Amino acid sequence: MQDHFDITVFEGDGIGPEIMQPTLKILTQLAQDGGYHLDFNSVPAGAAHYARTGESLPAASMEAARKSDAILLSAMGLPSVRYDDGTEISPQIDLRKALTLFAGVRPVRIIPGQTTPLNMPEGKEVDFVLIRESTEGLFHTQGCGEVSRDEARETLLITRDISEKLFRFTFNLARERKEQGRGKGRVTCVDKANVFRAFAFFREIFDAEAAKHPDLIADHAYVDATALWFVLKPWDFDVLVTENMFGDILSDLGAGLMGGLGVAPSADIGLDHAVFQPCHGSAPDIAGQGIANPLAMILSGAMMLDWLGLRHDAPVLAADGTRLREAVETVIAQGKVRTGDMGGKATTQDAAEAVMTCLSRA
C-alpha cells in the first residue's frame, strides 16, 4: 500500500490561506496518527498573484499539480482583479480543463440539527450528490466568446467522449452509495432536452450508459423542474448528473439547502487527477479577520482522503476521510460553535479546534 502522498496546495485569495492553514493542520495530524504521510507543496496561483505578476496560473504550478497525487485548492478570485475582457481570474477552471477533470462532485447533505431554510418533514433525509460536468458545456468558450457592438455569442459544447466518461463515473458512484446504504441506487439526468438538440444528445448518451446498469434506477428531469424540486422535495434525489452551467447553478442552490456555502465541499475528478476545494468564493470583505468558516475546506480535505484511499487501496485514508466528515457533521449538529455565516460568533480557529476535539474523541 502506498503510504506517501504528494499534495499540491493552492492557498488561494482572500480568506483562502486562512481556511487552508487549519485544514492542513488537521490533515497532518490524521496522517501522523494513521501512519501515512501527506507531503504538502504550496504553489502560487490566483488573482492576487496575477495582480503582482501578470500570471494567474504559472506553468510551474500547473506542472506540480499534474505530478501530484491530489490537489487541494482554497477559494480563488477577487472581484477587483480581472482580465482585460472583464472576466474574473479563475485558475480552478483552467485546472479542470487542463487535467480533464470532467466530474464535478457536489455533495448535499442535511444532518439533524443543521440549519436549513427547508421545512423538513419528520422522517425525511436529504443526502444526495450532484455531478456537474466540469470541462465543457457552456463554459467551453470561457474567455473566448465572440463579442461585437451589437451581439455576443458563447458556444455550448457536449462531446460523446466526455459524456461517456461522466456517466460511467456517475453510475459507479450511485452503486457505491447504494452498497454503503447511503443511496437508493437512482441516477437522474438533468437537462433541457425538450428545447435543445445538444441536451437531447446528452440524454441519448446517458440512456446508453443506463442500459448497462439494470440494477440501478435511471430517470430524467428538466433543469427548471429540478430547481423547483430541490426546494419542494430534495429528499427524493440520490445522484444527479448535468451539464456544466446547469451544475454551477444547481450546486449553489444545493448549498443553500445546507444553510450556505460555508459548509459546501466539492471535488473535480478525472481519470488521473482530482482537485478538492470549497464551493464558496474568496470573501475579500472579511479576509484577515479570522472569522471565515473553514468547514467547507475541511470537508473538501475529507473528500480528498476518501478519494486517495479508494484510488490507492489505502483503507486507512478512506476511513480517516469518513472520520473527518463525521467530525465536521458533529460540530454542525451540536450547534455550539457557529461562525458568522451560520449565525454565530465563532472564529476560524474556534471551528477548526472543535473539529479536532471531535476527532480526538472518536
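The values are calculated or read from the model by the stated rules, or taken from the named source; none is laboratory data. Just so it is clear, the structure is predicted and the values come from calculations on it, not from any experiment. Here the Cβ is made from the backbone with ideal geometry for all residues, glycine too, and neighbour counts use every protein chain on show.
What to note about this one:
- Selected residue [more than 30 Å from Val241 (Cα to Cα) and crowded, with 18+ Cβ neighbours inside 10 Å] from Ala352, Ala318: Ala352
- Residue in region 44-56 that is under 28 Å from Leu359 (Cβ atoms) and assigned by TED's automatic domain parsing to the domain that holds Asp272 present: no
- Among the candidates Ala45, Ala31, the residue that is under 19 Å from Ser74 (Cα atoms) and surrounded by 17 or more Cβ atoms within 10 Å (Cβ to Cβ) is uniquely Ala45.
- Of all residues in region 46-101, those being touching a strand residue (DSSP E or B) at 6+ places or on another chain (Cβ under 6 Å), of a type in the set (D, E, K, R) and under 15 Å from Thr8 (Cα atoms) number 2.
- Members of region 282-313 that are part of a loop (DSSP other than H, G, I, E, B) and touching a residue at least 40 places away in the same chain (Cβ under 8 Å): Ser282, Ala283, Ala287, Gly288, Gly290, Ile291, Ala292, Asn293, Pro294, His312, Asp313
One line per residue, one yes/no per condition, for (1) polar (S, T, N, Q); (2) buried (at least 21 other Cβ atoms within 10 Å of the Cβ); (3) more than 13 Å from the chain's Cα centre (by Cα):
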position: Leu253; (1), (2), (3): no, no, yes
position: Gly259; (1), (2), (3): no, no, yes
position: Ala264; (1), (2), (3): no, yes, no
position: Asp272; (1), (2), (3): no, no, yes
position: Pro278; (1), (2), (3): no, yes, no
position: Gly281; (1), (2), (3): no, no, no
position: Ala287; (1), (2), (3): no, no, yes
position: Gly290; (1), (2), (3): no, no, yes
position: Ser300; (1), (2), (3): yes, yes, no
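- Among residues of region 48-60, those that are of a type in the set (S, T, N, Q), in a loop (DSSP other than H, G, I, E, B) and surrounded by fewer than 21 Cβ atoms within 10 Å (Cβ to Cβ), counted: 0
- Test: Asp191 is without any contact (Cβ under 8 Å) to a residue 60 or more places away in the chain, surrounded by fewer than 19 Cβ atoms within 10 Å (Cβ to Cβ) and of a type outside the set (Lys, Arg): no
- Scanning region 205-246 for residues that are of a type in the set (A, V, I, L, M), touching an Asp or Glu at 6+ places or on another chain (Cβ under 9 Å) and not in a helix (DSSP H, G or I) turns up Ile217, Ala218, Ala221, Val241.
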